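Trainee: Just dropping this structure here.
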Amino acid sequence: MPQFEYVATSDTSKKTVKGTVEAANEASVIDVLKKQNLRPLSITTGKKKSSSLGGLFRSTKVKSDDLVIFTRQLSAMVGAGVPLIRSLSSLEQHSESQALKAILVNVIKDVEGGSTLGDALAKHPRTFSDVYVNMVRAGETAGILDEILKRLALQQEKNATIKKKVKGAMTYPMVLLVIMILAFFGLMLFVIPQIGKIILSLAGPGASLPPLTLGMLAVSDFFVHFGIFVIIGIALGVFFLVRYIRTPQGRKTFHKLMLRVPAINTIIRKVVVARFARTFSALTGAGVSILEAMTVTAHALGNAVYEEALLESVDKVKNGQQLSQVMEENGLYPAIVSQMLAVGEETGQTDTVLVKVAEFYEEEVDTAINSLSSIIEPVMIVLMGSVVGLIAASVMGPIAGLANQIKG
């Protein structure tokens, strides 16, 4: 579809605005501008974006920060009484994210064609999650879209904060691990073989070397001759492992395993509980039914074990059980969650109570991540020191023996 550049004046503010729009012809462009209360001054055919090499490397994923800004700005504009299409058009024109601009162009077209905002956003599941779409739909139905968008922005900020903290805590140990592996391969392939030749030449034929040195030379010799096969094997193993984890069964198995790893399982459980409390609170506060809120929240938890348990709870709640009772029975959630949920059910303030639970566990996540980081750092340092010490001992042992023979 061709792209047109336009210059127009606003019927309300009398200001001149410039922009681009994709349409079949100039008549369609004029119709689009009229719907936005704009009077066209000039319309010219713009240059179609070429699929250049630079475009191949442009990210098509919308960053969480850009989505939060968009949500907050849309909430402010809708709350101020600005028409929805005009709000979306303004945000599309001024967005710094090219990926978001491209999505908003299609969203505007769908809304202009008669779709609701929720239905238009649902066509872009990679950017707008089920939670986002369902809350927008509930906000449109209840006529409180601006308030719902504020809740959404807050929820996204909290989720993004938790993700950043978890990634930040894992970055340092992962960097140390990679450095350690590369250093080990470098020593085994290039350093140890040369040192081995020197030691064997000094010791002479038939000399007996310490078992540690012989073992290290054997390992080095193995990597020299078969290292490429080891690297290929590791790469293939990682590739197939990642593919397996992406399958439903593999994802469930991996998540079960992670819930059994000491220290890490504590963080995972607290993250899931915080995410459940905030998401479920936001949905029920937006007027979404309990059963629908449970289903949508289950897919937003990020852990297959908890997701399956919550989806199974939907049938129990359908049969008349209280959600607090069901959650107490499955044993996956701390007792405080079911107790607070029971209080919310009795008082009719489930969303308010769960917000308190979410805030408490978000603080707990911060504490757990900081504790894990303080433990991982010395452990990784000790591990790296042990490897280096082992290699040094295997080298220094025979050298010390040779020195004693020379003295004798």
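Trainee: Give the residue that is nearest to the chain's Cα centre (by Cα), with candidates limited to residues of segment 63-81 that are surrounded by fewer than 16 Cβ atoms within 10 Å (Cβ to Cβ) and within 15 Å of residue 146 (Cβ to Cβ).
Mentor: 76
Trainee: Hey, among the residues in segment 208-225 that are free of Cβ contacts under 8 Å to residues at least 12 places away in the same chain and surrounded by 12 or more Cβ atoms within 10 Å (Cβ to Cβ), which one's nearest to residue 390 (Cα to Cα)?
Mentor: The qualifying residue nearest to residue 390 (Cα to Cα) is 214.
Trainee: Output the number of residues of segment 205-225 satisfying the condition of being part of a helix (DSSP H, G or I) and under 15 Å from residue 192 (Cβ atoms). Spell out the reasoning first.
Mentor: Pass one, segment 205-225, residues part of a helix (DSSP H, G or I): 211-225.
After this cut, where a residue has to be under 15 Å from residue 192 (Cβ atoms) as well, the list is 212-225.
Number satisfying all stated conditions: 14.
Trainee: If you check 300, 335, which single one turns out to be in the same structural domain as residue 372 (by TED's automatic domain parsing) and within 22 Å of residue 156 (Cβ to Cβ)?
Mentor: It is 300.
Trainee: Would you be able to say whether some residue in segment 235-249 is closer than 30 Å to residue 343 by Cα and free of Cβ contacts under 8 Å to residues at least 40 places away in the same chain?
Mentor: No, the conditions are met nowhere in segment 235-249.
Trainee: Then there's this: Taking the stated definitions as given, is residue 397 modelled with pLDDT of 80 or more and of a type outside the set (Val, Ile, Thr)?
Mentor: Spelling it out, it is not the case that residue 397 is modelled with pLDDT of 80 or more and of a type outside the set (Val, Ile, Thr).
Trainee: Would you mind listing the helices (runs of 4 or more DSSP H) fully within segment 130-203 where at least 1 residues are in the same structural domain as residue 387 (by TED's automatic domain parsing)?
Mentor: Once the helices (runs of 4 or more DSSP H) in segment 130-203 are filtered for at least 1 residues that are in the same structural domain as residue 387 (by TED's automatic domain parsing), what remains is 145-186, 192-203.
Trainee: Under 7 Å between Cβ atoms, at least 6 apart or on separate chains: pull out the pairs that start in segment 84-109 with a residue that is touching a residue at least 40 places away in the same chain (Cβ under 8 Å) and end on any residue that is assigned to a helix (DSSP H, G or I) and of a type outside the set (A, V, I, L, M, F, W, C).
Mentor: 85/35; 85/112; 105/92
Trainee: Specify which of the listed residues (372, 341, 383) is more than 18 Å from residue 285 (Cβ to Cβ), assigned to a helix (DSSP H, G or I) and more than 26 Å from the chain's Cα centre (by Cα).
Mentor: Testing whether each residue is more than 18 Å from residue 285 (Cβ to Cβ), assigned to a helix (DSSP H, G or I) and more than 26 Å from the chain's Cα centre (by Cα) leaves just 383.
Trainee: Of all residues in segment 308-338, count the ones that are outside any helix (DSSP H, G or I) and either of a type in the set (D, E, K, R) or under 18 Å from residue 271 (Cα atoms) (or both). Before you say what the answer is, go through the steps one by one.
Mentor: The initial filter retains those residues of segment 308-338 that are outside any helix (DSSP H, G or I), namely 319-322, 331-334.
Applying the additional criterion that residues be either of a type in the set (D, E, K, R) or under 18 Å from residue 271 (Cα atoms) (or both) yields 331-334.
Residues flagged as outside any helix (DSSP H, G or I) and either of a type in the set (D, E, K, R) or under 18 Å from residue 271 (Cα atoms) (or both) within segment 308-338 amount to 4.
Trainee: Ok, one more. Suppose the filter is of a type in the set (Asp, Glu), over 33 Å from the mean Cα position of the chain (by Cα) and either at pLDDT 75 or above or within 30 Å of residue 155 (Cβ to Cβ) (or both); does residue 96 pass it?
Mentor: Answer is no for this residue.
Trainee: Any residue in segment 165-184 that is in contact (Cβ under 8 Å) with a residue 12 or more places away in the chain and charged (D, E, K, R)?
Mentor: Checked segment 165-184: at least one residue is in contact (Cβ under 8 Å) with a residue 12 or more places away in the chain and charged (D, E, K, R).
Trainee: Identify, from the list 30, 108, the residue that is surrounded by 19 or more Cβ atoms within 10 Å (Cβ to Cβ), at pLDDT 75 or above and over 26 Å from the mean Cα position of the chain (by Cα).
Mentor: Matching residue, one of 30, 108: 108.
Trainee: Condition first: hydroxyl-bearing (Ser, Thr, Tyr) and exposed (fewer than 12 other Cβ atoms within 10 Å of the Cβ). Now tell me which residues in segment 368-396 satisfy that.
Mentor: Correct list: 374, 386.
The values are calculated or read from the model by the stated rules, or taken from the named source; none is laboratory data. Not measured: the values here are computed from a predicted model. Counting neighbours? That spans all protein chains shown, and the Cβs are built from the backbone with ideal geometry, glycine included.
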